[in-house]
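Before any comments, here is the structure.
The values are calculated or read from the model by the stated rules, or taken from the named source; none is laboratory data. Values in this document were obtained by computation on a predicted structure and should not be read as measured data. Neighbour counts run over all protein chains shown; Cβ positions are idealised from the backbone, glycine included. Accessible surface areas use protein heavy atoms only, side chains included; no ligands, DNA or RNA. Shrake-Rupley method; radii C 1.70, N 1.55, O 1.52, S 1.80 Å.
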Amino acid sequence: MMARRSLMVGFGGYLPDRIVTNDELAARLDTSDEWIRARTGIGQRHIAGPEDNAVSMATAAAAQALDYAGMPAADVGAIVVATSTPDQAFPATAVRVQAALGMRGGFGFDIAAACSGFVYALTVADSLIRTGQADSALVIGSEVYSRILDWSDRGTCVLFGDGAGAVLLKAGDAAQPAGVLSTHLHSDGTMGDLLYVDGAVGLREQSGFLRMQGRDVFRHAVAKLSSSVDEVLAANGMTHADVSWLVPHQANLRIIEAVARKLELPPERVVMTVDRHANTSAASIPLAMNEAVRDGRIRKGDLVLMEALGGGLTWGSALARL
Ligand code: UT7
């Protein structure tokens, strides 16, 4: 078998129709549009309606990614879904998506790594492809954080939104310059109580709320993401000057700006969705990729740096050439 690399060949996204503005939240919470914008860069978020769930949103994003690549669902080898808000404890979101797409072959499973979920799922899917266990893989982030938010806690509920994003990977020849170049994962479970859910997740009833020590998570995010981007560039013998686009996890504009400054990347080289999507956890990177590929910003040959940090704490980075 030739040495393989995972090419990113399809992109898709789904956002619920319902948009909730900061002013709408300020009407029922002690907060304001000014505070939310100044501290986070968030202006609005999409919130799941009764018809939306982790499976339906993941399926919609996946279908778009397949359509982009012109690949029939039957040809997909693996589905890896990153989610912290599955509709059911099992079966996995991924196998529900497999059924919804009409696939009878291949395999699927979920990954839980909170907001770092997409980087983790990309790592696993890339490994499956490079080792020959799958010739293609859908990597999906799908999150319904609105169902685990304490809507009376202004410190957390203003920060998150719902949505799904998908990237389709396909095996390519490693002799070609394109594809996922490397991924790097980290976690430190001693910081598990900085950001966690105090119960299990279920479709029917609210059984746990997201809790966060925001200031501590912020501090760790800036430090760990800064070293994470250094790590992925060094591993590939590259410098910040080689990076075409930073496609970061979208938690907070100030965190993204700090990492961009570190990379000496001007704002026009950073894909930003946090203003309109808020923090969609594992969905934020593939949603941002989808947007920037479809509007023509990210083009073939561009070098894309992805990074994320989330509950766990988990964090990581990935470098890919389109
Ligand atoms: O994606 C997973 C990773 N998550 C993150 O990366 C999130 C990281 N953390 C953050 O983004 C920021 O820490 C927050 C946006 C959560 C908070 O920003 P901050 O600048 O760290 O504010 P703070 O928590 O230090 O709070 C400052 C003040 C407090 O009031 P006092 O104690 O100074 O009187 C808060 O009670 O702002 C208050 N506050 C609010 N005020 C109005 C907290 N939430 C709100 C709110 N509206 N929604």
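If you go through the range 275-322 and pick out every residue that is within 24 Å of T93 (Cβ to Cβ) and of a type in the set (A, V, I, L, M, F, W, C), you end up with 15. For the range 34-41, the count of residues that are modelled with pLDDT under 95, open to solvent by 70 Å² or more (accessible area, probe 1.4 Å) and within 24 Å of S116 (Cα to Cα) is zero. For the range 306-322, a residue qualifies if it is touching a Pro at 6+ places or on another chain (Cβ under 8 Å) and either within 24 Å of M212 (Cβ to Cβ) or of a type in the set (A, V, I, L, M) (or both), and the qualifying residues are M306, E307, A308. Counting only residues that are crowded, with 17+ Cβ neighbours inside 10 Å and either among the polar types (S, T, N, Q) or within 9 Å of the ligand (Cβ to nearest atom) (or both), the range 9-30 holds 3 of them.
Summed over the range 87-107, residues that are in contact with a Lys or Arg (Cβ under 9 Å, 6 or more places away or on another chain) and crowded, with 24+ Cβ neighbours inside 10 Å total 1.
Hey, among the residues in the range 52-71 that are touching a Ser or Thr at 6+ places or on another chain (Cβ under 8 Å) and closer than 16 Å to S84 by Cβ, which one's most open to solvent (accessible area, probe 1.4 Å)?
Step one: list which residues in the range 52-71 are touching a Ser or Thr at 6+ places or on another chain (Cβ under 8 Å), which gives 54-55, 57-58, 61, 71.
Still in the list and also closer than 16 Å to S84 by Cβ: 54-55, 57-58.
Numbers: A54: 0, V55: 28, M57: 0, A58: 0 Å².
Here the answer is V55.
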